[in-house]
1. Tell me, which cysteines of the chain are without a disulfide-compatible partner by the Cβ under 4.7 Å rule?
2. What Kirkwood radius, in Å to one decimal, follows from the Cα pairs of the range 182-250?
3. What does the charge count around Asp196 come to, taking other residues whose C-beta lies under 10 Å from its C-beta (Lys +1, Arg +1, Asp -1, Glu -1)?
4. Run the numbers on the chain and let me know its relative contact order in percent, using alpha-carbon pairs under 8 Å that are six or more apart.
5. So what's the chain giving for Cα Rg divided by 2.2 N^0.38 Å, two decimals?
6. Report, to two decimal places, the Cα Rg of the range 19-90 normalised by 2.2 N^0.38 Å (N = number of residues).
7. Expressed as an acute angle from 0 to 90° and rounded to the nearest 10, what is the orientation of the C-alpha long axis of helix 122-136 relative to the principal long axis of the chain?
8. Given a 1.4 angstrom probe, what's the average accessible area per residue across the chain, in square angstrom?
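The values are calculated or read from the model by the stated rules, or taken from the named source; none is laboratory data. None of the values given here were measured: they were computed from a predicted structure. Virtual Cβ from ideal backbone geometry, glycine too; neighbours counted across all protein chains shown. Areas reflect the complete protein model, heavy atoms only, side chains present, ligands, DNA and RNA absent. Shrake-Rupley method; radii C 1.70, N 1.55, O 1.52, S 1.80 Å.
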Amino acid sequence: MRGRGSAMPFVFKPEMTSPKQQKKLEEATRRRDKIFSEHPEIAELDSEIREKEFILRGATFHGLDTEEREQLQQEITGLKKKMKSLLDKKGVPEDFKQPRWDCPECQDRGEILTPEGYVRCSCHQERDLSFIRKQAGLPPRYSRSRFATANLDLYPSQDTSGKEAPRVRAKKAFKAAREFAHGQLKEGSSRGLLIDGPVGSGKTFLLACIANELLEHGKPVRYISYSDFLFLVRLSFAPDSPYSEYQLINEIEQAPVLIIDDLGNEQATDFSSSLLYRIIDHRYGRELPFVISTSCSLNELARRLGYLGEKIMQRIIESCRICGLKGDIRQKLIAKERGKDG
Ligand SMILES: [Zn+2]
């Protein structure tokens, strides 16, 4: 059972009525009572129909023979016709007794009973997807980043110093990223990734492609930039903070897939070093994957991660495939976007 930690966000158990359903049912009852009190003839006819339907349902119990049943059925049909024209005349909708469900399919239950058991209704699947997207914390700028639209031709095809060309390296990194995402979706497990590369080499875009691929398939992801995360943790110490340090850290520790952008961006303090170690060690122990990007070399990263840097790097290297990006493609991207605009 690799990578199955404690995060099981879509476990649901069907309940008879949710508070929301209850509200709709009560609203329908109030609507019905109002119409009955305004139009007593509707109430009278309605009760007559229900009485006859009740007898028909219990036909065997009431000892009715086939002919009597047919007779009763005809009476009911006649009364319903009468009701229809009465409602028409009074301007009352035919379904005045029905609750106004947002989703008539599941009656706002969120799940539908099928021969295979309860399944999530499509109305809730969409809601789940938009919920996990919100929870992911991916910057909106990257919400459209996709493997399918990644243009690796932006990377130079030659390296000036005769080493591996940026485009070749990018192809490898994107391939590894795709494999990571698909591994997560298929088996719920795969080794993490560490992507190094200079500023402007497309690391955040690559991380966003992974995040979006997973999110689109309903797999929850948590994206953080480590310096922003630390900033939030520090804010949580304020007495009027709406969230606690524990909540923040717990969420990061438990996320089914954690994506840390720009690790080593700033020199660690003892606090940030031990916090990162705690998070990485927790996830390592539970085989919860992380994807990390950094603009540092591995040695430099170990140094910048503070006094626990060596230990953190050991965990990372053990849990991650290492790949890299190089070249600065920002200018090309900007030029391309300008071209699109103009
Ligand atoms: Zn539904």
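1. Cys209, Cys296, Cys320, Cys323
2. Hydrodynamic radius (Kirkwood, Cα pairs) of the range 182-250 is 14.4 Å.
3. +1
4. With pairs under 8 Å counted, the relative contact order is 20 percent.
5. 1.51
6. 1.36
7. With rounding to tens, the tilt is 30 degrees.
8. 59 Å²
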